[in-house]
Each structure stands twice: as C-alpha cells, then as structure tokens.
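Trainee: Below is a structure I'd like to ask you about.
The values are calculated or read from the model by the stated rules, or taken from the named source; none is laboratory data. Just so it is clear, the structure is predicted and the values come from calculations on it, not from any experiment. Neighbour counts run over all protein chains shown; Cβ positions are idealised from the backbone, glycine included. All accessible areas refer to the heavy atoms of the entire protein, side chains included, with ligands and DNA or RNA removed. Shrake-Rupley method; radii C 1.70, N 1.55, O 1.52, S 1.80 Å.
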Amino acid sequence: MAFQRTRESEEMYLETILRLYDKRPAVRAVDISEELGFAKSSVSRALGLLKKRGFISVDRRSGQIVFTEAGKSKAESIFERHRVLTELFVKMGAERGCAEENACRIEHVISEDLMLVFKNFLNR
C-alpha cells in the first residue's frame, strides 16, 4: 500500500507541475506549494524525490523546475488519463466537478488496458 501512495503522490506532483506550466512560463516550488496547499518543506522533499528519479531538474539560481524528457512524458500521460476519465464520467452523466474529483483519484490506479477501452469508447 505504501508503494501505491508513493506513486500517487509522485504522479500528483508531476501533473501539478504540468498544469502550472499551462498558466505561467516558469514553475517553482512555491507555486506548487500554493497550488496544492502543502507546506514548502513537503514540496521540497517531493521535488527531491522527483529529481532523484530523473523526472525533473531544478535551476540552482532561479529555482525553476524543468522536466526531463521522461518527466514530461510521464506528466503528459497522467494528465491524459485524467482528461479521458473526466470526459467519460461526464458523458455518463456526472457533473463536471464530481467527474474531475473522481478522475483525479482513479487516474493513479487504472490499468493501461482499461484506459484504452475508455478511449475507444469516447472516440466512437
């Protein structure tokens, strides 16, 4: 169970960084802290782990977070799962807010095989 929580946390941070880059030209730890409502120390620890896993680098002078190729690819994949799940739930009749909230939880545990089924269903 600890592995699952670690993966979910890692994915949440990567997706948050990606979403913040849609809003601004540079993303720093303080931006993530404000977006998620987490303590700066918690964000720093998480960013250290993402850096160690090879998903990001952090500019020493500006503090800007930069995706590695692997990190950007993983973040885009997570966001795609979120988008597909949200659209599926809305299509099934859920309110968008409810769909977003549940997609955010489910995106971390759903298999690639089932995601493909959902994508094919939505593309009919």
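Trainee: What list of ³J(HN,Hα) values in whole Hz, one per residue of the stretch 105-119 in order, does the Karplus curve 6.51 cos²θ - 1.76 cosθ + 1.60 (θ = phi - 60°) give from phi, with Gly and Pro shown as x?
Mentor: Ordered by residue, 3J(HN,Hα) equals 7, 6, 4, 8, 10, 6, 7, 5, 4, 5, 4, 5, 4, 5, 4 Hz.
Trainee: At a 1.4 Å probe radius, carbon and sulfur cover how many percent of the accessible area of the chain?
Mentor: Numbers: 4210 of 7890 Å².
Roughly 53 percent of what the probe reaches on the chain is carbon or sulfur.
Trainee: Using only DSSP helix segments of four residues or longer, with each worth -39500 (n - 2.57), what per-residue ellipticity at 222 nm results for the chain after dividing by its residue count and rounding to 500?
Mentor: Working: 6 runs with 88 residues, N = 124.
Only helices count here, giving -23000 deg cm²/dmol.
Trainee: Restricting to lysine pairs 8 or more places apart or on different chains, what number in the stretch 1-109 have Cα atoms under 17 Å apart? List each step's numbers first, then the result.
Mentor: On the way: K23/K72; K40/K51; K51/K72; K51/K74; K52/K72; K52/K74.
Going through the stretch 1-109 pair by pair, I get 6.
Trainee: Pop a pseudo-label 7 angstrom from the Cα along the beta-carbon direction at both M92 and E76 and give the gap in nm to one decimal.
Mentor: The answer from the label model is 2.8 nm.
Trainee: Can I ask one more? Sequence-distant or interchain residues sharing an amide H contact under 5 Å with I56, placed H: which?
Mentor: K51, T68
Trainee: Using a probe radius of 1.4 Å on heavy atoms only, what accessible surface per residue do you get for the stretch 37-124? Whole Å² is fine.
Mentor: Working: 5780 Å² over 88 residues.
With all protein chains present, the stretch 37-124 gives 66 Å² per residue.
Trainee: Applying the Karplus parametrisation 6.51 cos²θ - 1.76 cosθ + 1.60 with θ = phi - 60° to the phi angles of the stretch 73-86, what ³J(HN,Hα) value in whole Hz is obtained for each residue in order, glycine and proline being reported as x?
Mentor: So the J values, rounded to whole Hz, are 4, 5, 4, 5, 5, 5, 5, 4, 4, 4, 4, 4, 4, 4.
Trainee: Rounded to whole Hz and in sequence order, give me ³J(HN,Hα) for the stretch 51-59 from the Karplus expression 6.51 cos²θ - 1.76 cosθ + 1.60, θ = phi - 60°, writing x for Gly and Pro.
Mentor: 5, 4, 7, x, 8, 9, 10, 10, 5
Trainee: Take every Cα-Cα distance within the chain, group them into 5 Å bins from 0 onward, and report for each bin the whole-number percent of pairs it holds.
Mentor: With a bin width of 5 Å, the distribution comes to 2, 10, 19, 22, 19, 13, 9, 4, 1, 0.
Trainee: Next up: Kindly express, to the nearest 10 degrees and within the range 0 to 90, the angle between helix 2-23's C-alpha long axis and the longest C-alpha principal axis of the chain.
Mentor: On a 0 to 90 degree scale, this one is about 80.
Trainee: Provide the gained length on full extension for the span I106 to E34, in nm with one decimal, where the gain is 0.36 nm per separating residue minus the Cα-Cα distance. Present the calculation step by step, with values, prior to reporting the outcome.
Mentor: Numbers: separation 72, 0.36 × 72 = 25.92 nm, distance 2.36 nm.
Residue separation times 0.36 nm, minus the Cα-Cα distance, leaves 23.6 nm.
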